[in-house]
Structures are given as structure tokens and as C-alpha cells.
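*Asks:* Structure incoming, see below.
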Amino acid sequence: MATTPLNNRLSMAMERTGQWVFSQEIPTDVVVVVGEANFSLHKFMLVAKSNYIRKLIVESKETELTRIDLSDIPGGPEIFEKGAKFCYGVNFEITVHNVAALRCAAEYLQMTDKYCDSNLAGRTEDFLSQVALSSLSGAVVVLKSCEDLLPLADELQIVQRCVEVATVKACYEANFPCRSPPNWWTEELSILDVEFFGRILIMMKQRGAKSLTLSSALITYTERSLRDLVRDHSGSGMKSSESVVASSDLRVQQRELLESIISLMPSEKAAFPINFLCCLLRSAIFLKASTSCKNELEKRISAILEHVTVDDLLVLSFTYDGERLFDLESVRKIVGGFVEKEKSMAVFSGGDFREACSPAMHRVAKTVDSYLGEIATYGELSISKFNGIANLVPKGSRKVDDDLYRAIDIFLKTHPNLDEIEREKVCSSMDPLKLSYEARVHASQNKRLPVQIVLHALYYDQLKLRSGTGIDDRTIPEAAATRKQLQADVSLVKENEALRSELVKMKLYINDIQKNNSGSSHGNTSSKVSSSGQRKHTFFSSMSKTLGKLNPFKNGSKDTLNLDDGVDITKPRRRRFSIS
């Protein structure tokens, strides 16, 4: 059977113990069992320092107690060995790593100065006060060692004393840094359990530490304790487990840790950079943290959304491998919360949110449109989710709709099987009259766009030409009459298309009749053809007149309400544009 590192250490400890125990000429008379280790010792040496062992021997019902089980002693076999050495007067080293365990073992064995002068408890107390708790690093190391010594270390006030010293030292270093880098103290605190770390942060806040100081410590702690989720962005911690059970256990531990970290955040919303908050929120979504936890992060991000970048929003939206969309609901809630805040501020200041948006709202609108362009390349993105985010941004906050048009075009290219109605839904969030000249030129030639959007783009430039204004003018008209005229023209175009379709059907019907009657007598055929020709001439004449009435571009006039039925349709018409 292969020896483990623990067994090796126990064997080495027993070998060393044998050296200093068996050097005595008096044979041992008691075996002390500590877990898997057995120590052959002398009763009178142990009783001289440990009141606990003395009571066990005195109160034992056995006439000769030869075996004592101390498996529950704090620190285990290694700490008991040092306690036994102290009883035998053998020197050993007290360090910041073992002083807390030795103090707890001394209390457990009742090796106090009350029982014997200069006992182990007094020696460890002197080291704590004079050496270990004289620096931040020492206090943190001692506090870290107390994690396995609870609740005794708490009852002996070791934890509280370490927390107080670490708090004072950390606050001083934050205000008057004496080492490089200035935030070195945050790295020191990051080795602690989240409970001890939280106690230090709470006490620092009580001593008046600034929010930026507390947030700096929290960021360092989070990036170290949840490195694969927050800093490396790999999520490898979820994949490295050897079994599903182990992976589930790890996820539960990380979820609890994340929720504890979020509960320690200072109340100031702008205390953390937005990219860090986005990483935390993605981790919360991935770990299936509580709803309150996710809501808190969404509110914090929404409060400072004007500083967001496209990459920050993409962090929230994709899985750790970047292969598929992960979560869009949080992005929708964040953007919606920011817009509501902007509306409230506009109402409070007495302005009209629809007419005048803040610079922050303009920046967010541009970022959201660019973000839509990034996620539009994924086929699983539905129209409702795309429009759900695009329509959150007020139309007045977009100076031009070029970025939104780009996102729509990418979406249509990624989803080539959409019908006309679906494509119109995708384009519903865009205002064609707010496109730049370059974007309108592109839209007029874009076969992926529905015909209504193409007409809007072409119609605007035709108005510019007819009014004598250069088509490269970048100003955006706000006149409601232009939009109304556009809607009327589009409606007429659709009616013309319907009539053209009816003409084609009628022509096919007449051709069928002619073919069916081709086998009849010549005389009858001539009569029928003559009659049919008369009917055909009458039908097309009436349809031409009807189409002439519906043509919105006849004689170059925009007014379609007072068209003269007697206009000579043989005159060449002025065509403002054509659709191919």
C-alpha cells in the first residue's frame, strides 16, 4: 500500500518523537492517540503541564490508564506533538502559521498559566501580541489559520483581534500607502475565507473607509476567488471536475461565494467599473444565482450604463466559449432601466424626453445599435428579441439610424428565409428618413429590404431634387406631411401592383378562350374574334384609365387628389424613380 504524504509526515513525527522521548531512561507508560498517530509518552511529564490530562488520569475508572484518545484536539497530530514537546521542555518554533492552533490546543489541554507558570497558553499569547499581530500580513495569516479552528478560535477572541488589527492596518495602507503597488494590501486580504474577509470590510466601513477603497478590495478578492469566471472568462472551473457530482458541488460553492461577495458591495452604485459588474452578472447567470442577486447587479449596471461598451454587453450575451447566445433578458432589463431613469430625470427637470435626450442617452443608443449589429449574426436570434432591444431606445435619441440600419441588414442577411411581413417587422424600429445619404443609397439598392423601406429611401432623395436641395445634405426632415405623403404613395404602389396582377390574370383567361375556340368554323371564328376583340379593346381601355387615376407620379405632381380623367395618356410621363 503506497504511503500518502500525511502518513509520511506522521511517521517522521513519530520518529522525531521517539528520539526525544526514548532518550529518557524511564520507560513510557501511556499511549496518546491522535487520529492515526500514536505517541508513547510519560504520564508525569504530561500531567505537569496539562490539567486536562491530569483529570483524565485521576478520574479514570481504570487502575492504570495506559491509553488516552485526544483525536479531537485542535490542529491534529502535528500540533499535539509540539504541545508534548513543550511538556518535555524540547524547543520548537512558534510561527504565524501555527500560533493560533497552539493557542487553541493549549486551551483544550488546559495548559494555562493558572495551572502552571509560563505555560503554553502564555507563550502563545506573547507571540500573538508581540509578533504575529504587529503587521497586516501576520494578522491575515493567523486569521487564515483560524478557519479550521472554529469555534474555539472565536471564543478565545483570536479571530476578533486579527480582524481589528487587519482593519486598522488596511485602512492606514489605503490612505497612506507605503509599499508598491499601492493596493498590495488587497492581495493580502484576498487569501481569507469570505466570512472573515467580510468582517474586515464591514469594520473598515465603520471606520470611515471610502467606497472606492472597499470596492478595490472586493474586486481583487473576486478576481482571485472566482478567477476562471471573472478574470479568465473561461468558465473552466465548471469543466475541470471529474464527475457531474463534483461539478455540481463546485457550482454550488461558487454560487454561494458570489452571492456573499455581492452582499458585501457598498451601496454607492458607481463604486465599481461597469466591465467588472458585467462579468459578475454573467457569472451570476451562469451559476444560476438568486433573482435578488441578479437584480442588484442589473440595477448597478443600469445606473452607469452611459459608460458601457459593446464588449461589456457582449460579455453578458454569450456563453464562455463564445459559440452561442446566452442571455438577452438581462441586457433588455438594463437598457430599459436606464431609459426609465432618463425619462424620470427629464420629467423632473421639466423637459420633454421625446424632444431632447441627454448626451448619455445618445451614447447608450449608439452603443446598443452597435451591439445589435454584433448579435444579429447569430441565427438563433429571433425577431421579437431583436426588436425587443432595438425598440427600447427612444427614436429621438438616435441622431441618425445608420448603425441600426447596419444591424437590420446583418439580421436580414443572416435570416434569408424571412417573408415580406417578417422583414417589415424587422425594419419597423428604423426610421428611413433618418438615414444618411450614403445609407440611403445603399438601402435603395438593397434587395434584402422590403419594398416599403426602399420606396422611403428613394422618395426622400426625389424630394430633395425637386426642392432644389442637394442630395448630399445630411439634415433630417421632421415634417409630418412628408411621412403622410410617403404612406399614401406606398399605398398607391401596392394598389397598382394588385391591379397589374389582375390584368395578367385576365390576359391569360382571354388567351385560354381563344385557344378553346380555335377549332370552330371560320365564319363563326371571325365573328367571335371580332366580338372578342371588341370586348378586349373595351376592357383594356377602361383599365388604362383606372391605372392613370391611381398613378401618383403622373405629370410629376405629388397631389393625387385632383387628377383629370381626360388627360391624354399617350403623352410621355415624367418618372421620378423606378423600382427594379
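The values are calculated or read from the model by the stated rules, or taken from the named source; none is laboratory data. Remember, predicted model here, so these are calculated numbers, not experimental data. Cβ: placed from backbone, ideal geometry, glycine included. Neighbour counts: every protein chain shown. Ligands, DNA and RNA are stripped out before the accessible areas are found, and what is left, the full protein with its side chains, is counted by its heavy atoms. Shrake-Rupley method; radii C 1.70, N 1.55, O 1.52, S 1.80 Å.
*Asks:* When only the heavy atoms of the protein chains count and the probe is 1.4 Å, how do D148, D409 rank by accessible area, highest first?
*Replies:* Order by accessible area, largest first: D148, D409.
*Asks:* Oh, and also: Give the separation of the Cα centroids, the stretch 127-178 to the stretch 249-282, in Å.
*Replies:* The stretch 127-178 and the stretch 249-282 have Cα centres separated by 25 Å.
*Asks:* Same structure again: Leaving out ligands, DNA and RNA but keeping every protein chain, what accessible area does H42 have, in Å² rounded to the nearest 10, with a 1.4 Å probe?
*Replies:* 0 Å²
*Asks:* Taking R0 as 30 Å, what FRET efficiency do you get between S384 and R500 from their Cβ-Cβ distance, rounded to the nearest 0.05? Walk me through the numbers on the way to the answer.
*Replies:* Numbers: r = 34 Å, r/R0 = 1.13.
Computed FRET efficiency for S384 and R500: 0.30.
*Asks:* Let me ask something additional. Filter K269/K343; K343/K425; K294/K425; K366/K425; K55/K144; K144/K294 down to the pairs with a C-alpha to C-alpha distance above 23 Å, please.
*Replies:* Check vs 23 Å cut-off fails for K343/K425; K294/K425; K55/K144; K144/K294.
*Asks:* Right, something else. Probe 1.4 Å, all protein chains in place: accessible area of I94 in Å², nearest 10?
*Replies:* Estimated to the nearest 10 Å², I94 gives 30 Å².
*Asks:* Let me cross-check F276: its accessible surface, 1.4 Å probe, with only protein heavy atoms counted, in Å² to the nearest 10?
*Replies:* 10 Å²
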